[in-house]
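Reading through the structure tokens given below for one structure.
The values are calculated or read from the model by the stated rules, or taken from the named source; none is laboratory data. The structure presented is a predicted model; accordingly, all values stated were derived computationally and were not measured. Methodologically, a virtual Cβ is constructed for each residue, glycine included, from the backbone with ideal geometry; neighbour enumeration extends over all protein chains shown.
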Amino acid sequence: MSRFIWLVRREIWEHKAIWVAPLIVLACLALAALTGNIHLGPIGTEDGLGVIAPEQQARIVLIAYAGLALVVFMVMGIVSLFYSLDSLYADRRDRSVLFWKSLPLSDAETVLSKFAVAAVVIPLVALVGAVLAQLVIAIGGSAKLAMAGQAAGVMWDPQAISGGIVIAIVWSITAMLWYAPVVGYLMLASAWAPKGPFLWAVLPPVGLFMLERVLLQTNHVGDFIKERMFGLVRLVRPERIAEAEPETGAEVGRQFVKLSELDLLGSLRDFYTSADLWLGVVVAGLLVAAAMWVRRYRDETA
């Protein structure tokens, strides 16, 4: 176990983007807070407060915290994508794989440590970044409300702040499971690709998509890829509320009242009871096993 932890630590040391990316996001949010460029929708406006009840305001802040956490997870998802693509290919590109195979380390340990970084460590880093981002926005938002003469305590409402943290935790676990097959597929492409792992990862699904469109005139492959890549976004995607663009603060307030009725935990419950999630976990295990096999028998100089 200590050897596996050492391998994980080595990956974190070598790939600074894992912890630099959330720091950049936090720096941008802190700059927005310092300059007052934090928009709270109808909260803090005269018309908005006339429409939204105090308990609904806390609910809206909770939704805002959840959306903020989603942004952090999306940024870290991009980091995980490029890390996975480069994880096994980089060792062959610089021939360091010859050194690592001379050590008493199995291919399973090496591949699993890289998979753990992409599928577990990066979501955990995103969780920490999401919680810190929520606190930064809470400080900046409460200061802006206080300067506007509004109730600044709504940003620190226990239901909002604790709920945002709980949702970020659940999302972190959900991201680990939901994107595990994506990580496994990218690592398999990284282990196999003689050159350009990005092209080896992208061309097969694109080819299947185009072939299906030409021969069958259907879009099942495209729908599957879109659902697997952006499935978590639907957790905070409200239904279309109005066709016309709102013009008054009261209309904005009514839209946010409907937004506050979203059942985030119910959406997560649907995720955990879906067959797609658990079938994806099984497929992830098969893809990681295939990556181990390819790394073991791949020509180290290819």
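The residues of the stretch 73-91 that are closer than 17 Å to Trp19 by Cβ and among the charged types (D, E, K, R) amount to a single one, Asp86.
The residue that is farthest from Arg296 (Cα to Cα), among those in the stretch 82-94 that are buried (at least 19 other Cβ atoms within 10 Å of the Cβ) and at pLDDT 90 or above, is Tyr83.
Scanning the stretch 171-187 for residues that are surrounded by 18 or more Cβ atoms within 10 Å (Cβ to Cβ) and within 30 Å of Gln57 (Cα to Cα) yields a count of 4. Among the residues of the stretch 100-114, those identified as modelled with pLDDT under 90, surrounded by fewer than 21 Cβ atoms within 10 Å (Cβ to Cβ) and closer than 25 Å to Val183 by Cβ are Trp100, Lys101, Leu103, Leu105, Ser106, Asp107, Ala108, Glu109. Considering the stretch 188-226, the residues that are touching a Phe, Trp or Tyr at 6+ places or on another chain (Cβ under 6 Å) and in a helix (DSSP H, G or I) include one that is surrounded by the most Cβ atoms within 10 Å (Cβ to Cβ), namely Ser190. Annotation note: of Gly41, Gly50, the sole residue that is assigned to a loop (DSSP other than H, G, I, E, B), among the small types (Gly, Ala, Ser), closer than 30 Å to Ala143 by Cα and at pLDDT below 65 is Gly41. Counting residues in the stretch 148-159 that are touching a helix residue (DSSP H, G or I) at 6+ places or on another chain (Cβ under 7 Å), closer than 22 Å to Ile60 by Cβ and loosely packed, with under 15 Cβ neighbours inside 10 Å gives one or more.
Taking first residues from the stretch 115-141 that are under 13 Å from Tyr83 (Cβ atoms) and partners that are of a type in the set (D, E, K, R) and surrounded by fewer than 24 Cβ atoms within 10 Å (Cβ to Cβ), the Cβ contacts under 7 Å between residues at least 6 apart in sequence or on separate chains come to Val117/Glu11.
Any idea which residue in the stretch 1-33 is surrounded by the most Cβ atoms within 10 Å (Cβ to Cβ), counting only those that are free of Cβ contacts under 8 Å to residues at least 24 places away in the same chain and among the aromatic types (Phe, Trp, Tyr)? Looking at the filtered set, the residue picked out is Trp6.
Residue-level check: of (1) surrounded by fewer than 11 Cβ atoms within 10 Å (Cβ to Cβ); (2) closer than 26 Å to Ser274 by Cα; (3) at pLDDT 85 or above, Glu239 misses just (3).
Looking at Ala193, Ala175, Ala148, just one residue is modelled with pLDDT under 90 and more than 25 Å from Asp86 (Cβ to Cβ), and that residue is Ala148. In this structure, is Ala168 modelled with pLDDT of 80 or more and assigned to a helix (DSSP H, G or I)? Considered against the rule, which asks whether it is modelled with pLDDT of 80 or more and assigned to a helix (DSSP H, G or I), Ala168 comes out as yes. Which is in contact with a Leu (Cβ under 7 Å, 6 or more places away or on another chain), on the phi < 0 side of the Ramachandran plot and either in a helix (DSSP H, G or I) or modelled with pLDDT of 90 or more (or both), of Val117, Val125, Val131, Val136? After ruling out the rest, the residue left standing is Val136.
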